[in-house]
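Participant: Before I ask anything, let me first share the structure, which is written out below as structure tokens.
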Amino acid sequence: MADRREPPKPGTPEYRWLYGDPDETRATDTGGGKKRPVPQSDETRVMPVVLPPQRPRQQRQAPSRPTAYRPPAPPASPPRRPVSPPPGTSPSGRPPQAYRKPRKVRRWIILALAAWLAFLVITPVLAMQKIEKVDAFPSGDRPADQPGTTYLVTGSDSRKGLTAKQRRRLHTGGDVGQRTDTIMILHIGSGPDLLMSIPRDSLVEVPGHGVTKINAAFAYGGPKLLTQTVEQNTGIRIDDYVEIGMGGVVKLVNAVGGITICPTQDMDDPLANLHVKKGCQHANGRKALAYARSRHTSGLGDIDRAKHQREVVGQVGHKAVSIWSVLNPVRYWKLTHAGASTLTVSKGTSTFALARFARAMASPDKSCVVPLADLAVHWDSERSARMFRLIREDKTDEIGKSLCTDSGLAG
């Protein structure tokens, strides 16, 4: 065991430094006017230890990894302080009356549209109640059902609904029997709509009356015999029958505000009360009716009249289906009621069928006269048989210009 070091002896400098001087009563000057008392002999004095300054420990950082570039976020806008609306206003800041106004406007618009749609539907329904309906289809053997829909359209010289003054002004004569000034077949199917005129002087076999003019069938047996005559001579089944009287033509033309006619020559026909110059011109109901009835100003006679009739019908139909006829309530009402009192249709003809009829009559895709062999209005047996077959088979797209001509004669 190592020798222990001997303690300092009294009176030595080490002893006095360690234990102090018991005889000394003064204090040690520490500087700045302050003195430290000298420790007494029984106090232990510890030598101060001065430690070397330590360097701050640095933390070891892991190697940084490359990161994708992120654009700096835009500075956040300071939150807005909610402002309470002034008294008497809605949460949107508008007065309560202005806030409710758009809702009222929308409500009125919806009610107006509903009323308008109801008017468009109810008006033709009311007009249909004025239309006379007849049994236009014969009993017994008839052609079988065929594709498409075929209408038999007639324009009778009936004076029904005309006063004595109107008859004199229109030059219609007295009410002595009924004949058909106009006979047409309208076919609607998968192909083009076809409107074919049958001259009223066409010589055909009328059941029970032999060979005679086709309009005699109407005089002998009315719509039923005329339908039977057309079906037996063409093989085409008639689905709907539509007849318009003279007064109906005048009212329809006037209801659409008149039409445009385009005569190819000056026409002066005292019997029809027609006096017009060559060229397109406006015509009211009276002039349009005279134009459709006249047949004494042309060498083609009844053939030219059939052409004028299709022209008048097409003009009326074109105006009738225009958007203006629907948007104008007065015109719509007059148009739907104009010919109702002088219109006759077959029993079972629906409002929808009449609507299709009006649309097709407005602008038929093909318009012509039944194929004729001569001006004596004998039908061309070969060409007419082809025409009738294509109509029966609903192949109107195959009817070419050699069959469908304005005069009916071969081109």
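None of the figures in this text is laboratory data; all of them are computed from the coordinates on show. Quick caveat, the model's predicted, so the values are computed rather than measured. Glycine also receives a Cβ, built like all others from the backbone with ideal geometry; neighbour counts cover every protein chain displayed.
Participant: With r as the distance between the Cβ atoms of GLU393 and ILE323 and R0 = 35 Å, compute the FRET efficiency 1/(1 + (r/R0)^6) and round to 0.05. Write out the running numbers ahead of the final one.
Facilitator: Numbers: r = 35 Å, r/R0 = 1.01.
Efficiency, rounded to the nearest 0.05: 0.50.
Participant: Cα gyration tensor of region 128-398, axes a ≥ b ≥ c as square roots of the eigenvalues: rounded (a/c below 1.5), prolate (a/b > b/c) or oblate?
Facilitator: Numbers: a/c = 1.39, a/b = 1.22, b/c = 1.14.
Because its axes are fairly even, with a/c under 1.5, region 128-398 counts as rounded.
Participant: While we're on this one: Can you order the peptides 370-376, 402-408, 140-146 by their average number of other Cβ atoms within 10 Å per residue, highest first?
Facilitator: Values: 370-376: 17.1, 402-408: 18.7, 140-146: 10.9.
Result, highest mean first: 402-408, 370-376, 140-146.
Participant: OK, next. Mind checking the full-extension length gain between GLU205 and ARG107? Use 0.36 nm per residue of separation minus the Cα-Cα distance, one decimal, nm. Could you put the intermediate results ahead of the total?
Facilitator: Numbers: separation 98, 0.36 × 98 = 35.28 nm, distance 6.42 nm.
Extra length available between GLU205 and ARG107 comes to 28.9 nm.
Participant: With θ set to phi - 60° and the Karplus curve 6.51 cos²θ - 1.76 cosθ + 1.60, what are the ³J(HN,Hα) couplings of region 235-246 in order, to the nearest whole Hz, using x for Gly and Pro?
Facilitator: Once θ is set to phi - 60°, the couplings for region 235-246 become x, 8, 7, 8, 9, 9, 10, 10, 10, 10, x, 4 Hz.
Participant: Pairs LYS277/LYS347; LYS130/LYS401; LYS133/LYS307: which are spaced more than 31 Å apart, C-alpha to C-alpha? Show your work: numbers first, answer last.
Facilitator: Numbers: LYS277/LYS347 42 Å; LYS130/LYS401 40 Å; LYS133/LYS307 28 Å.
Over 31 Å apart, Cα to Cα: LYS277/LYS347; LYS130/LYS401.
Participant: A further question on this structure: In region 215-298, which trypsin sites (Lys or Arg not before Pro) are in a loop and have at most 13 other Cβ atoms within 10 Å, using DSSP for the loop call?
Facilitator: Numbers: sites: LYS224, ARG237, LYS251, LYS277, LYS278, ARG286, LYS287, ARG293, ARG295; in loops: ARG237, LYS277, LYS278, ARG295.
For trypsin sites (Lys or Arg not before Pro) across region 215-298 that sit outside H, G, I, E and B with at most 13 neighbouring Cβ atoms in 10 Å, the list reads LYS277, LYS278.
Participant: Please report, to one decimal in angstroms, the Kirkwood hydrodynamic radius of region 175-231 built from all distinct Cα-Cα pairs. All intermediate terms of the calculation are to be shown ahead of the outcome.
Facilitator: Numbers: mean 1/r = 0.0826 Å⁻¹.
Value: 12.1 Å, from the Cα pair sum.
Participant: Another question about this same structure. Only sites in a loop by DSSP and with at most 16 other Cβ atoms within 10 Å count here; which trypsin sites (Lys or Arg not before Pro) in region 299-398 make the cut?
Facilitator: On the way: sites: ARG305, LYS307, ARG310, LYS319, ARG331, LYS334, LYS347, ARG356, ARG359, LYS366, ARG383, ARG386, ARG389, ARG392, LYS395; in loops: LYS347, LYS395.
Answer in residue order: LYS347, LYS395.
Participant: So, one more: Once you have the Cα-Cα distance between SER190 and TRP116, take 0.36 nm times their residue separation minus that, and quote the gain in nm to one decimal. If you can, show how the numbers build up before the last one.
Facilitator: Details: separation 74, 0.36 × 74 = 26.64 nm, distance 3.27 nm.
The SER190-TRP116 span can extend by a further 23.4 nm.
Participant: Determine, for ASP239, ASP304, ASP397, the number of other Cβ atoms within 10 Å of each Cβ, and report the residues in order from fewest to most.
Facilitator: Numbers: ASP239 19, ASP304 22, ASP397 14.
Arranged by neighbour count, lowest to highest, ASP239, ASP304, ASP397 become ASP397, ASP239, ASP304.
Participant: Kindly list the residues of region 227-262 that lie in the label zone of GLU132, defined by a backbone N under 13 Å from the point 7 Å along the Cα-to-C-beta vector.
Facilitator: Once the point is set 7 Å along Cα→Cβ of GLU132, 243-248 turn out to lie under 13 Å by backbone N, inside region 227-262.
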